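J.: Sharing a structure below in structure tokens format, with a few things to ask.
Derivation of every value follows stated rules applied to the coordinates shown; laboratory data play no part. A quick note: this is a predicted structure, and the numbers were derived from the prediction, not measured. Here Cβ is always computed from backbone atoms with ideal geometry, including for glycine, and neighbour counts include all displayed protein chains.
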Amino acid sequence: MHIKTVGIIGFGRFGRLLADIFADDFELRYYKRGLANPNALQEAASADAVFFSVAMLYLEEVVKKAKPFIRSDAAILDVCSVKLHPERVFREHFDMKNVLLTHPMFGPDSAKSGLTNLPIVLCPNADTRPDLLQYWDAYFRGKGLRAIHMSSDAHDRNTATSLCLTQLLGRVLERMKVTSSEIDTESFRNLLNIRDIARNDSMDLFRGLQILNPYAKEMREVFKTSLEAIEALLGPDPQDGLKDRE
């Protein structure tokens, strides 16, 4: 398999990181909504390999716009933080033998110190061509990444209790307006890091994770039930008894 040109559809923070990773190895074409070049989408979508790096909430809309320009033999990949949703979208529009779903488990901030040993999940479907999987597995490993293979379902099950939960906690901490002080413990500073990571990501990412991961709702229900159980363990508020005696 030979890849000369790579198109990146969606050129936000992660799209630019992809461009940095690929810059020395491929001829790059990219599309971002609002670009002055009216042919940018066609140019990016007609590459040998096409990466969709758009907010998952809008993936299907963008796929429909790009589809007329994508070659029948092109490799089609995504970097969405959920996998069952893009698998469904791509199955409706493309030959799945040309599709390889991916989820880089890092972002621009965590990649600042390099890519070595950062994980990237590859989710081949039952029809994915072996040479397509082998090519990108070798490429990412060559960049120092740790490639992990799993099904789209296993990915979404795992990330519902890791990524989705982390984002949920971060947004709750942000809503609580927690702030640092001069007597913060190390564990509290870790919580603030979770808050900061969550609010550095877009609300579209947060909503997409919670809405499009089919296991996220169950995770939130378990979280709420667990919080209620912890509240019950505390028993009655001793201040209530004091008030009764006043």
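J.: For the chain, modelled as a GNM with alpha-carbon contacts under 10 angstrom, which of Leu17, Leu227, Leu59 fluctuates the most?
T.: Result for the chain, Cα springs under 10 Å: Leu227 fluctuates most.
J.: What is the magnitude of the charge dipole of the range 5-151 about its Cα centre, with +1 placed on the Cβ of each Lys and Arg, -1 on the Cβ of each Asp and Glu, and no other charges, expressed in debye to the nearest 20?
T.: On the way: 18 positive and 17 negative charges, 69 e Å.
The dipole of the range 5-151 has a size of about 340 debye.
J.: Determine the relative contact order of the range 87-237: mean sequence separation of Cα pairs under 8 Å and six or more apart, normalised by residue count, in whole percent. Could the numbers behind the result be given before it?
T.: Numbers: 137 pairs, mean separation 27.0, N = 151.
Here the relative contact order equals 18 percent.
J.: Oh, and also: Within the range 76-163, list the trypsin sites (Lys or Arg not before Pro) lying in a DSSP loop whose Cβ has at most 10 other Cβ atoms in a 10 Å radius.
T.: Working: sites: Lys83, Arg88, Arg91, Lys97, Lys112, Arg141, Lys143, Arg146, Arg157; in loops: Lys83, Lys112, Lys143.
Taking the range 76-163 and a limit of 10 other Cβ atoms within 10 Å, the loop trypsin sites (Lys or Arg not before Pro) found are Lys112.
J.: While we're looking at this one, here's another question. Rounded to the nearest Å, what's the spacing between the alpha carbon centres of the range 128-180 and the range 76-120? Just the number, please.
T.: 8
J.: Return the loop-located GluC sites (Glu not before Pro) in the range 1-68 (DSSP other than H, G, I, E, B) with at most 16 other Cβ atoms within 10 Å of their own Cβ; answer none if there are none. Before the final figure, lay out each step's value.
T.: On the way: sites: Glu27, Glu43, Glu60, Glu61; in loops: none.
Answer in residue order: no site qualifies.
J.: To the nearest 20 debye, what charge dipole does the chain have about its Cα centre, counting +1 at the Cβ of each Lys and Arg and -1 at the Cβ of each Asp and Glu?
T.: Details: 32 positive and 34 negative charges, 123 e Å.
I would put it at about 600 debye.
J.: Positive end of the charge dipole of the chain (Lys, Arg +1 and Asp, Glu -1 on Cβ, about the Cα centre): tell me which of Thr225, Pro130, Met1 has its Cα farthest that way.
T.: Working it through, the farthest residue towards the positive pole turns out to be Met1.
J.: For a 30 Å ceiling on Cα separation, which of these pairs sit above it: Lys65/Lys97; Lys65/Lys224; Lys177/Lys224; Lys112/Lys177?
T.: Lys65/Lys224
J.: With a point put 7 Å past each Cα toward its Cβ, work out how far His2 is from Arg199 in nm, to one decimal.
T.: The modelled label-to-label distance comes out at 5.2 nm.
J.: Please state the shape class of the chain: rounded when a/c is under 1.5, otherwise prolate if a/b exceeds b/c and oblate if not, all from the C-alpha gyration tensor. Before the final figure, lay out each step's value.
T.: On the way: a/c = 2.38, a/b = 2.14, b/c = 1.11.
Because a/c hits 1.5 or more and a/b exceeds b/c, the chain counts as prolate.
J.: Name all residues of the range 186-229 having a backbone nitrogen under 12 Å from the label point set 7 Å from the Cα of Arg146 along its Cα→Cβ direction, giving them as ranges.
T.: none
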